[in-house]
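What follows is a single structure, written as structure tokens, with notes after it.
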Amino acid sequence: MRLVILGGGGFRVPLVYRALLADREPSRVTELVLYDLDAARLTAIARVLQDLASNILDAPSIMVTTDLDEALRDTDFVFSAIRVGGLDGRAVDERVAADAGVLGQETVGAGGIAYGLRTVPVAVEIAQKVAVLAPEAWVINFTNPAGMVTEAMSSFLGNRVIGICDSPVGLGRRVARALGVDPGEAWLDYAGLNHLGWLNGFRVEGVDLLPRLISDSARLESFEEGKLFGAEWLGALGAIPNEYLHYYYFTREAVAAGASRGEFLLHQQEKFYSDPSLESWERTRLEREATYMAETRDDERDTCDLDGGGYEQVALALMHAIAHDRQTTLILNVPNGSTLSAVDSTAIIEVPSLVNANGARPVSVSQLPEHGVGLVTTLKTVERLTIEAAVSGSRSHALKAFALHPLIDSVTVARHILDAHPYLSGDFRAR
Ligand code: G6P
Ligand code: MN
């Protein structure tokens, strides 16, 4: 089986390869193709992969290429994990927003819109190529903003593109641990958009254990989301929000914390890529994970939150379920159909989905919390305006996307960002 990773020079690629090496399935990936625009980054990552595979006889072969057509032709699976504009672009997205006095974050608020405007045209081009060169392939989209990018690609690939994120499964794991139950035994009643969802129930053998957890402050504040939102607020909500909801519920604090994540990662990774080795990759990765979302909290993140079950596990579980027609339920970014009444049927939503050889289909879940309906429909409108602007180059659509985002509090600020952002297309600037 052949897998191609777009963005193959990316820092997290060794995590995927490590998961592939641990895979003992009969029809596992035998050929891995890494595609990237940047040949030096490919060389750096290929070196780390070779070191990871050094004592393993049947390790998947590694091919690197900067030719997208060659990478895609006849592949079975595509992991799309690109970062258009690189970490430099992320740092600029975050900085421009923060300098304008609004949230400076990779995927949420102005940063996410700018990132989407840059990424959607590239993602669409990839989708069009896959449709021609590998019409049977499944695309697993990691590229952020993942919901928006998956929706843009789905116009060309239908249900052959599926978006993934590690945050809902991470939340489920932490809740399971706090309750002392096996995460594999639990049914997560989770719904929303990517980075904008709520855990509305946590069922084990048909019993919802979430009310019990929410009424136990000590237990609740023993894990990340409990600390982040506080027991009182979670009690009021009656649900556990995805950690990214922190930016909506605690906007003022998040804005005050400033925007330095992109800049930090940029410098951190520059060091790694200038002198790559397995050892420095491992060190850099641990440091990255320990500082994840550091601006949202005073202490260090729990070490048990850091490892295992991240993107690579979700992606591999999804790939196996499709390749082996093995029924599995995973929280994925898929077309709504009639799952959530708040959004239309083609909207990409993030919900538990049943996966088999035919792809992924959402299963029925609780509806959004009442106060979340407005937020989700507004954000879906913002996503679609961003896609429309990215594809057409329309300034007015881009302006609406920024100005209608709930975390951008004035049309003036939206206009300023559009004009000041050095990485946005000139089409969007005032003439
Ligand atoms: C989580 C999210 C990703 C996001 C990443 C940022 O894994 O699900 O969508 O890109 O965090 O982490 P970073 O270390 O890059 O700040
Ligand atoms: Mn994510």
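The values are calculated or read from the model by the stated rules, or taken from the named source; none is laboratory data. Fair warning: this is a prediction, and the values are worked out from it, not measured in the lab. Counting neighbours? That spans all protein chains shown, and the Cβs are built from the backbone with ideal geometry, glycine included.
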Filter segment 166-185 for residues that are more than 16 Å from ligand 1 (Cβ to nearest atom) and part of a loop (DSSP other than H, G, I, E, B); the one that is nearest to residue 143 (Cα to Cα) is 182
Residue 163 vs. criteria within 16 Å of ligand 2 (Cβ to nearest atom), among the small types (Gly, Ala, Ser) and more than 30 Å from residue 256 (Cβ to Cβ): yes
Taking the residues in segment 103-126 that are outside any helix (DSSP H, G or I) and of a type in the set (A, V, I, L, M, F, W, C) as candidates, determine which candidate is nearest to ligand 2 (Cβ to nearest atom). 108
Just to be sure I understand the filter: pairs with C-beta atoms under 7 Å, separated by 6 or more residues or on different chains, first member in segment 224-252 and among the small types (Gly, Ala, Ser), second member outside any helix (DSSP H, G or I) and within 16 Å of ligand 2 (Cβ to nearest atom). Which pairs pass? 239/198; 239/199
For segment 127-156, what are the residues that are crowded, with 19+ Cβ neighbours inside 10 Å and in a helix (DSSP H, G or I)? 127, 130, 146, 147, 148, 149, 150, 151, 152, 153, 154, 156
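Hey, among 266, 245, which residue is assigned to a helix (DSSP H, G or I), surrounded by 15 or more Cβ atoms within 10 Å (Cβ to Cβ), within 16 Å of ligand 2 (Cβ to nearest atom) and modelled with pLDDT of 95 or more?
Working: 266 fails: within 16 Å of ligand 2 (Cβ to nearest atom).
Residue meeting the stated conditions: 245.
Is segment 57-67 home to any residue that is within 16 Å of ligand 2 (Cβ to nearest atom), of a type in the set (S, T, N, Q) and either in contact (Cβ under 8 Å) with a residue 24 or more places away in the chain or part of a helix (DSSP H, G or I) (or both)? Even if it seems obvious, please write down each step before you answer.
We begin by selecting, within segment 57-67, every residue within 16 Å of ligand 2 (Cβ to nearest atom); these are none.
No, segment 57-67 contains no residue that is within 16 Å of ligand 2 (Cβ to nearest atom), of a type in the set (S, T, N, Q) and either in contact (Cβ under 8 Å) with a residue 24 or more places away in the chain or part of a helix (DSSP H, G or I) (or both).
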Give me a count of the residues in segment 186-209 that are more than 16 Å from ligand 1 (Cβ to nearest atom) and outside any strand (DSSP E or B). 3
Considering segment 272-294, residues that are among the polar types (S, T, N, Q) and surrounded by 14 or more Cβ atoms within 10 Å (Cβ to Cβ), and then whichever is farthest from residue 225 (Cα to Cα), we arrive at 280
Checking residue 290 against (1) within 16 Å of ligand 2 (Cβ to nearest atom); (2) farther than 19 Å from residue 331 by Cα; (3) of a type in the set (A, V, I, L, M), which single condition isn't satisfied? (1)
Scan segment 346-382 for residues that are farther than 21 Å from residue 145 by Cβ and surrounded by fewer than 17 Cβ atoms within 10 Å (Cβ to Cβ) and report the count. 10
Could you tell me which numbered condition residue 184 fails, if it satisfies all but one of (1) more than 16 Å from ligand 2 (Cβ to nearest atom); (2) closer than 18 Å to residue 318 by Cα; (3) among the small types (Gly, Ala, Ser); (4) in contact (Cβ under 8 Å) with a residue 60 or more places away in the chain? (4)
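Of all residues in segment 210-223, how many are over 12 Å from residue 234 (Cβ atoms) and either aromatic (Phe, Trp, Tyr) or part of a loop (DSSP other than H, G, I, E, B) (or both)?
Step one: list which residues in segment 210-223 are over 12 Å from residue 234 (Cβ atoms), which gives 212, 218, 222.
Among the residues that remain, those that are also either aromatic (Phe, Trp, Tyr) or part of a loop (DSSP other than H, G, I, E, B) (or both) are: 222.
Total satisfying the criteria: 1.
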